[in-house]
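> Dumping the structure here so I can ask a few things about it.
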Amino acid sequence: MSTESYISPLSLRYAGRAMQELFSQDKKFRTWRQLWIALAEAEQELGFSITDEQIEELKKNSEDINYDVAKAREKEVRHDVMAHVYAYGVQCPKAKGIIHLGATSCYVGDNTDIILMKEGLSIIRGKILDVIESLKEFALKYKDLPILAYTHFQPAQPTTLGKRATLWIQDLLMDLNDLDYVSESLRLLGSKGTTGTQASFLELFDGDHEKCKKLDDLIAEKMGFPGCYRVSGQTYSRKVDSRVLNVLSGIAQSVHKFSNDIRLMQHLKEVEEPFEKHQIGSSAMAYKRNPMRSERMAALARFIMTDSLNPALTASEQWFERTLDDSANKRLSVPEAFLAADGMLDLYVNVSEGLVVYEKVIDSHLRKELPFMATETILMDAVLKGGDRQELHERIRVHSMEAAKRVKEEGLENDLLNRIAEDPSFRTDMESLTKIMDPKRFTGRAKEQTEDFIRSDVEPVLLENSGRTREKTEINV
């Protein structure tokens, strides 16, 4: 590893090995060569004079890329595709005359980009499923654990911790649907020529339009795609890149929301992300257990969300059949979005698998607020015993304000139940009020909703993908 020049933290610290290899130079240029082989094979099958010997020579040298030759040639001609055509030809003297025949640079560049994005979405998809699987187990384990819920981060009617987890899962299921839709809609550019008209191929095939159409079909088939875009300029529409990165942005939104919730719960000492035995939380405050992984998830998520604007702007600013102001941007924005998403989801897997729950703290927080939330039940019971609802409502309001003042201004315990028990208007006692204070009475259908959601929405998705191999996730830092 060089320490004398810049290395992206996405490679050094965050992204996993598979995603780094996907967007490596080796993968890129080997894919170029596979596309040149597919083009030669398709042209041969359509009657062009290309021999089996030439194709075999191309295949024999498809993996061993002579980078030194390509680098020297690019320095001379200032064109990366033509430099690699030349380098491939040096290794394949019999086939050099038919490499890239009739094609433009976008034939290898754009088709490779589509191939890499589709494979990248597949990697991302697997990690989303890993997170969903972990969160499913978490949701079921804590489906009936009451926890104080919040609106506006102010105490509200209780929910359960498992029900809260279903909200995280639901977001990811939406992301999974979006990912599948976009991934399944991806098509290759094919071989469309300089302005997308296939004029060069029409000439090669002596004006045979059907062979021009068949050429795209054969290339797509050989590269494992269902087809090519029917029309294009010199490039595929740059809206494709925008659609793909919008999917990654949507995933980032879900991840960021989860990380917010974990960080807030860790502040409350209710739930914590994993913390290694020798991990240091702060260089100054040795006692601290900072939610560093959740914070890193949020940081990477924000990077992805802002990065998704790059292809949106590029798509909107292309001129006619193409301009080259997309190239430098694509080389940065697309791979880095995938690398960041990969690292972000590795963290999500790690955190979701190792969440630590402090049930006694959760119960303590809930019970401090529960008397306020139980007032409606207390009011109804008192009315059933013959009390006047309007009068009782006013009495509860007054008692609640006094109890809240005691908590906020004096730092004392909530004594609302004592105040009600001592008020003859309610015709009750402390023993009766304590029985009402079972937290599970106030969580509504949270448990049942969790069970129904897991059964109807989550388990079918996991069952459909049960044959996948779950990779071990490693966090570098």
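Derivation of every value follows stated rules applied to the coordinates shown; laboratory data play no part. Source: prediction; values computed, not measured. Positions of Cβ are backbone-derived with ideal geometry, glycine not excepted, and every protein chain shown enters the neighbour counts.
> Calculate, for VAL231 and VAL477, the FRET efficiency according to 1/(1 + (r/R0)^6) with r their C-beta to C-beta distance and R0 41 Å; round to the nearest 0.05.
Details: r = 46 Å, r/R0 = 1.12.
For R0 = 41 Å, the calculated efficiency reads 0.35.
> Also, I was wondering about something else. Can you give the calculated 222 nm mean residue ellipticity of the chain, where each DSSP H run of n ≥ 4 adds -39,500 (n - 2.57) and the sum is split over every residue, rounded to the nearest 500 deg cm²/dmol?
Calculated mean residue ellipticity at 222 nm is -20500 deg cm²/dmol.
> Calculate the all-directions average of the projected area of the stretch 32-93's alpha-carbon convex hull, and give it in nm². Walk me through the numbers before you get to the answer.
Details: hull surface 16.5 nm².
In nm², the orientation-averaged hull projection of the stretch 32-93 is 4.1.
> So for each of 16-23, 5-12 I average, over its residues, the number of other beta carbons within 10 Å; can you give me the resulting order with the highest mean first? Provide the component values of the computation, followed by the final result.
Numbers: 16-23: 17.9, 5-12: 12.9.
The packing order, highest mean first, is 16-23, 5-12.
> While we're on this one: For LYS385 and SER364, FRET efficiency with R0 = 30 Å and r from the beta-carbon atoms, rounded to 0.05? Intermediate values should be presented prior to the final figure.
Numbers: r = 31 Å, r/R0 = 1.03.
E(calc), rounded to 0.05, equals 0.45.
> What percent antiparallel are the DSSP beta bridges of the chain, to the nearest 5? Mind dumping the intermediate values first?
Numbers: 7 of 8 bridges.
Antiparallel: roughly 90 percent of the beta bridges in the chain.
> Sticking with this one: Please rank SER122, SER294, SER200, SER232, fewest neighbouring Cβ atoms within 10 Å first, as an exposure proxy.
On the way: SER122 13, SER294 25, SER200 17, SER232 22.
In increasing order of surrounding Cβ atoms, one gets SER122, SER200, SER232, SER294.
> Return one number: the angle in degrees, 0 to 90 and rounded to the nearest 10, between the long axis of the Cα atoms of helix 375-384 and the longest principal axis of the Cα atoms of the chain.
So the inclination is approximately 50 degrees.
> So which of LYS59/LYS472; LYS269/LYS408; LYS118/LYS192; LYS75/LYS118 end up more than 29 Å apart by C-alpha? Let's see the in-between values first.
Values: LYS59/LYS472 34 Å; LYS269/LYS408 20 Å; LYS118/LYS192 20 Å; LYS75/LYS118 31 Å.
The answer is LYS59/LYS472; LYS75/LYS118.
> Treating the angle as unsigned and between 0 and 90°, give the value, to the nearest 10°, between the Cα long axis of helix 105-141 and the longest Cα principal axis of the chain.
20 degrees
> List HIS79, HIS393 from most exposed to least, where exposure is judged by having the fewest other Cβ atoms within 10 Å. It would help to have the intermediate numbers written out before the result.
On the way: HIS79 13, HIS393 16.
By the 10 Å Cβ count, ascending, the order reads HIS79, HIS393.
> Could you list the residues of the stretch 126-157 with an amide nitrogen less than 18 Å from a label point located 7 Å from the Cα of LYS408 in the Cα-to-C-beta direction?
Counting only backbone N, you get 150-157.
> Is the shape of the chain rounded, prolate or oblate, going by the alpha carbon gyration tensor and its root eigenvalues a ≥ b ≥ c, with a/c under 1.5 for rounded and a/b larger than b/c for prolate?
Taking the square roots of the gyration eigenvalues as a ≥ b ≥ c, the chain is prolate.
> How many nm separate the modelled label positions at GLU353 and ARG289, each set 7 Å beyond the Cα in the direction of the Cβ?
The modelled label-to-label distance comes out at 2.0 nm.
> Can you pull the one-decimal nm distance between simple spin-label points at GLU448 and TYR181, each 7 Å off the Cα toward Cβ?
Placing both labels 7 Å along Cα→Cβ, they lie 3.2 nm apart.
> LEU172: net charge of surrounding residues, Cβ under 12 Å, Lys/Arg +1, Asp/Glu -1, itself excluded? Don't skip to the end; give the middle numbers.
Values: positive: ARG125, LYS127, LYS136, LYS257; negative: ASP130, GLU133, ASP171, ASP175, ASP178, ASP457.
That sum, taken over residues with Cβ under 12 Å, equals -2.
> How do HIS209, HIS152, HIS365, HIS100 rank when sorted from fewest to most other Cβ atoms within 10 Å of their own Cβ? Display every interim value, and only then the final one.
Values: HIS209 11, HIS152 6, HIS365 16, HIS100 22.
Placing the least packed residue first, the sequence is HIS152, HIS209, HIS365, HIS100.
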